[in-house]
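What follows is a short report on a single structure.
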Amino acid sequence: MKFLQVTQESLELGARTLLEGGLVAFPTETVYGLGADAFNPKALANVFEVKGRPSFDPLIIHIAAIETLDKVANLSLLSSDAREKLFLLAKNFWPGPLSIVLPKNERIPMVATAGLQTAAIRFPDNDTAQKLISLSSGAVAAPSANPFGALSPTRAEHVRSGLGEKIDIILDGGPARIGLESTVLDITGAVKILRPGGTPREAIEKLIDPVEEHSITAKDNCPLVSPGQLKSHYAPGTPLFVLNRDEIIERHFNAADYEKIAFLFIDGSTKDAWKAAHNNSNFEYRLLSQSGNMAEAASRLFETLHELDNGNFASIYAQLAPQEGLGAAINDRLKRGARGG
Ligand code: TXA
Ligand code: MG
């Protein structure tokens, strides 16, 4: 595996490696992706192998120009109403953290879409990603570059420690700006958010009609529409418990003398109220945003969970964010990562 800084040379090597069927991890504005040529079935199969990802979980196809949409999707299968929505969404949110589920082009192998006739397409807002994609085939399938079910990588180092020698190249483009995956939006029928993410529902609803959301509080036995809805996902190795603001301030926490417990706060005022109520030298805390700014909190979420996960804590108690804007995506990841609480 080559761990490379981003230069014209490393971008060209990365693109060649993709065209030859190799796997290249690269930065996007959301999280790091594990890229494979979206038209190469063998390379795509290898992505599932390396991630330990079940074959029923489809990949997102990344493009770097609107013109490429026709190569990866079959827009003639969309209703004119859906086409209109696609146009509005693309105009307003691309490049950016929105993956749109569309009828797939027949050139995209079934292995990429896990047998579905649809593909989630995204145009990432990151220079390195765009250059790498443009220099290769123009379409790069990329799941988040972490072992299946584990925390998503927001830094190149996270990719190295999670996947390391299993892949050909890691392009280090610094920390991911948004730090949370894209919103996955299905517009092939009634518009649905399949995964909350970097593009808030409220922003989407300003443009198009109200959208349904498949919440993880839905019954566990309901059919899996987007496998990113798997309840246990984005999980750190350390047991994670989620609590709302009042619970985290008011609950009495027990720690054995030899145990360290970590607390993760969304905003400074909750942290201050908790500090006033709890005084235990075995307790440590991290704060995502002093002012409670959700974009700042989102950008630090996975990074802070990675750090705490390596900190030998017996457990992590995390505060839930207000359930609006990016807070909805933060809560989604925290709840899926939680094993209880
Ligand atoms: O921000 C992101 O989306 C990152 C970066 C690398 O772009 N990628 C990412 O990929 O999060 P991944 O594989 O970890 O998550 C893809 C999600 C999964 O929940 C998958 O089930 C859903 O997208 N998905 C992909 N194709 C789909 C399809 N055709 N229909 C429904 N859901 C789909
Ligand atoms: Mg993922």
*Considering (1) in a loop (DSSP other than H, G, I, E, B); (2) in contact (Cβ under 8 Å) with a residue 40 or more places away in the chain; (3) not hydrophobic (A, V, I, L, M, F, W, C), say which one residue 303 fails and leave the rest.*
(1)
*asked:* Go through the stretch 312-331 and report how many residues are over 16 Å from residue 243 (Cβ atoms) and either without any contact (Cβ under 8 Å) to a residue 60 or more places away in the chain or charged (D, E, K, R) (or both).
replied: 2
*Would you mind telling me which numbered condition in (1) open to solvent by 10 Å² or more (accessible area, probe 1.4 Å); (2) part of a helix (DSSP H, G or I); (3) away from ligand 2 (no atom under 13 Å from the Cβ) residue 132 fails?*
(1)
_Residues satisfying the stated conditions in the stretch 1-18, i.e. within 16 Å of residue 64 (Cα to Cα) and not charged (D, E, K, R)_ = 11, 14, 15, 18
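Let's see how each residue does on (1) more than 23 Å from the chain's Cα centre (by Cα); (2) over 21 Å from residue 185 (Cβ atoms); (3) open to solvent by less than 20 Å² (accessible area, probe 1.4 Å):
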residue	(1), (2), (3)
3	no, yes, no
12	yes, yes, no
16	yes, yes, no
27	no, yes, yes
44	no, yes, yes
65	no, no, no
*asked:* Restricting to the stretch 283-326, name every residue that is crowded, with 16+ Cβ neighbours inside 10 Å and polar (S, T, N, Q).
replied: 289, 299, 304, 315, 319
*With respect to residue 292, determine if the residue is in a loop (DSSP other than H, G, I, E, B) and closer than 30 Å to residue 57 by Cβ.*
no
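A quick yes/no check of all residues on (1) within 16 Å of ligand 2 (Cβ to nearest atom); (2) among the polar types (S, T, N, Q):
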{"position": "93", "(1), (2)": "no, no"}
{"position": "99", "(1), (2)": "yes, yes"}
{"position": "102", "(1), (2)": "no, no"}
{"position": "118", "(1), (2)": "no, yes"}
{"position": "122", "(1), (2)": "yes, no"}
{"position": "128", "(1), (2)": "no, yes"}
{"position": "136", "(1), (2)": "no, yes"}
{"position": "145", "(1), (2)": "yes, no"}
*Of (1) away from ligand 1 (no atom under 12 Å from the Cβ); (2) in contact with a helix residue (DSSP H, G or I) (Cβ under 9 Å, 6 or more places away or on another chain), residue 52 satisfies all except one. Which?*
(2)
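Considering only residues of the stretch 135-147 that are part of a loop (DSSP other than H, G, I, E, B) and under 12 Å from the mean Cα position of the chain (by Cα), which is surrounded by the most Cβ atoms within 10 Å (Cβ to Cβ)?
The extreme case among them is 145.
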*Go through the stretch 30-55 and give me each residue that's away from ligand 2 (no atom under 15 Å from the Cβ) and not small (Gly, Ala, Ser).*
37, 39, 40, 41, 42, 44, 46, 49
_Of all residues making up the stretch 127-154, the number that are more than 11 Å from ligand 1 (Cβ to nearest atom) and of a type in the set (Ser, Thr, Tyr)_ = 4
_Residues located in the stretch 77-120, provided they are touching a strand residue (DSSP E or B) at 6+ places or on another chain (Cβ under 8 Å), part of a loop (DSSP other than H, G, I, E, B) and more than 20 Å from residue 178 (Cβ to Cβ)_ = 78, 105, 108, 112, 113, 116, 117
*Identify the single condition in (1) assigned to a helix (DSSP H, G or I); (2) within 12 Å of ligand 1 (Cβ to nearest atom); (3) not basic (Lys, Arg) that residue 157 does not satisfy, given that it satisfies every other one.*
(2)
*Can you name the number of the only condition in (1) open to solvent by less than 40 Å² (accessible area, probe 1.4 Å); (2) of a type in the set (Lys, Arg); (3) at pLDDT 95 or above that residue 53 fails?*
(3)
*asked:* Return the pair list, or none, for Cβ contacts closer than 7 Å from residues in the stretch 147-167 that are closer than 21 Å to residue 304 by Cβ and without any contact (Cβ under 8 Å) to a residue 60 or more places away in the chain to residues that are outside any loop (DSSP other than H, G, I, E, B) and within 12 Å of ligand 2 (Cβ to nearest atom), at least 6 apart or on different chains.
replied: 162/150
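The values are calculated or read from the model by the stated rules, or taken from the named source; none is laboratory data. Since we're looking at a predicted model, the values are computed, not measured. With ideal geometry, Cβ positions are generated from the backbone for all residues, glycine too; neighbour counts draw on all protein chains shown. Surface areas here come from the heavy atoms of the whole protein model, side chains and all, with no ligands, DNA or RNA. Shrake-Rupley method; radii C 1.70, N 1.55, O 1.52, S 1.80 Å.
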